[in-house]
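Working notes for the structure below.
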Amino acid sequence: MNYDVIVLGSGPGGYVTAIRASQLGFKVAIIEKENLGGVCLNWGCIPTKALIKSAQVFEYIQHAKEYGINVTEASADFNAVIKRSRDVADGMSKGVQFSMKKNKIDIIDGFGKVKPGKKVEVTAADGKVSSLEADHIIIATGARSRELPNLPQDGKKVIGYRQAMTLAEQPKKLIVVGSGAIGVEFAHFYNAMGTEVTIVEFMPNVVPVEDEDISKQFERSLKKAGINVMTNSSVERIDTSGNGVKAFVKTAKGEEVLEAEAPFASPLVLPRQRAIRKIRSLFFAEYFRISRRFLRQLQLSRNLQSARLGRLLHRRCCLLRHLGSAKPIGANIIPQLI
Ligand SMILES: Cc1cc2nc3c(=O)[nH]c(=O)nc-3n(C[C@H](O)[C@H](O)[C@H](O)COP(=O)(O)OP(=O)(O)OC[C@H]3O[C@@H](n4cnc5c(N)ncnc54)[C@H](O)[C@@H]3O)c2cc1C
């Protein structure tokens, strides 16, 4: 089958691109190996915000009196909260499916692999292989999480973000390893639902990619909410042999042993390369062009007195290297820092 544009991956990067390409008059197909909407709609931004909304409602009810409202009794139904989050995610994914159909974009289910000669080979879930061709192939395969070497995830006692948002039972105690945005979101949610939460962060501040004054204020808020925060600390090893989990934490004052039912390891996120590994050399030349631009962007970051912005721009450049883009990069692509 021939297309003008094939988009590989249907996350926010992919489906928006597919819609725009179709609106511009191209014949478009989108290939997805899992759920339409990608990580963001199915396992990321959307379901976590649904969980946080439930936590917020619960907190409001608990403090209703401060707002002049009398509530006699309130309890959280953990399974119903999880179900609502999954329903919200499913609804959003169906919305993407509707948008694809409305924009006459062909949805191809399966794992896509870019092949030489503008071809994409698609392996469906039943193993059937088909070949597609397009003038333009857009790779929007997102990122995958990388496990911490000393915290191998078994999906039960040491869990990643997917299990953390679909647990069948609410844990009484939870250790969150890493305090990036995803880690603190889960810490906030579980703490609000009544779980005893400890965050272990290797860096001196929580949410370490944010500005220090934000991190400090944020740490105060987490502690005020009742979350135990351990910075400058690292989980060195875990023992899952008993009923729960023991985490051996290296702190500035020596080793501490924490006990919990499930430690949640915040993901380290890596770009997904399996689909593009074989054609990486094609993008090599672009990388050097982008690198020169990167040096110019560093000047911009100095003007903004933010070396961190420079580092983030560098990461963006590295990402764009994979996408083969040579578009100049502006500070506006990193809105959270501006
Ligand atoms: C728990 C969590 C919470 C998050 N919260 C937020 C938030 O609040 N705000 C925010 O801005 N970001 C958030 N993110 C990050 C956000 O999810 C990602 O930035 C976003 O999903 C990236 O979009 P994408 O289109 O690049 O990739 P993805 O959403 O990862 O989509 C890529 C798609 O490509 C598919 N795919 C990959 N390889 C192939 C292949 N070879 N063949 C076919 N299909 C393939 C995948 O199945 C996937 O559906 C969160 C992430 C997580 C994990």
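So the values come out like this:
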quantity: Student exercise, the stretch 112-247 dipole from Lys, Arg, Asp, Glu Cβ charges, in Debye to nearest 20; calculated: 380 debye
quantity: Cβ-Cβ FRET estimate between K102 and A181, R0 fixed at 45 Å, reported to 0.05; calculated: 0.90
quantity: Cα gyration tensor shape for the stretch 101-144, rounded if a/c is under 1.5, else prolate or oblate; calculated: rounded
quantity: Near-label residues of the stretch 8-41 by backbone N, under 13 Å of a point 7 Å along Cα→Cβ of D109; calculated: 32-36
quantity: Cα convex hull of the stretch 8-123 - mean projected area over all directions, nm²; calculated: 9.7 nm²
quantity: Set of lysines with alpha-carbon distance to K118 below 17 Å, sequence-local pairs under 8 removed; calculated: K27, K278
quantity: Exceeding the 26 Å Cα-Cα cut-off - candidates K173/K224; K157/K250; K101/K156; K224/K253; calculated: K101/K156
quantity: Net lengthening on full extension, N150/K49 (0.36 nm per residue, minus Cα-Cα); calculated: 33.4 nm
quantity: Theoretical gain in end-to-end length, V209 to V16 [0.36 nm per residue, Cα-Cα removed]; calculated: 66.7 nm
quantity: Magnitude of the charge dipole, the stretch 1-160, Cβ model with Lys/Arg +1 and Asp/Glu -1, debye to 20; calculated: 260 debye
quantity: For the stretch 128-205, size of Cβ-based charge dipole, Lys and Arg +1, Asp and Glu -1, in debye; calculated: 280 debye
quantity: Where GluC sites (Glu not before Pro) fall in DSSP loop in the stretch 62-162, at most 15 other Cβ within 10 Å; calculated: E73, E147
quantity: Sparsely packed GluC sites (Glu not before Pro) within the stretch 160-255, loop by DSSP, other Cβ within 10 Å at most 13; calculated: E169
quantity: Among S131, V158, S145 the positive-end extreme of the charge dipole of the stretch 115-160 (Cβ point charges); calculated: V158
quantity: 12 Å beta-carbon shell around S93, net charge (K/R +1, D/E -1); calculated: -2
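We did not get these values from a lab; they are worked out from the coordinates using the rules stated. Just so it is clear, the model here is predicted, and its values are computed rather than measured. So basically every Cβ, Gly included, is an ideal-geometry build from the backbone, and we count neighbours across all protein chains shown.
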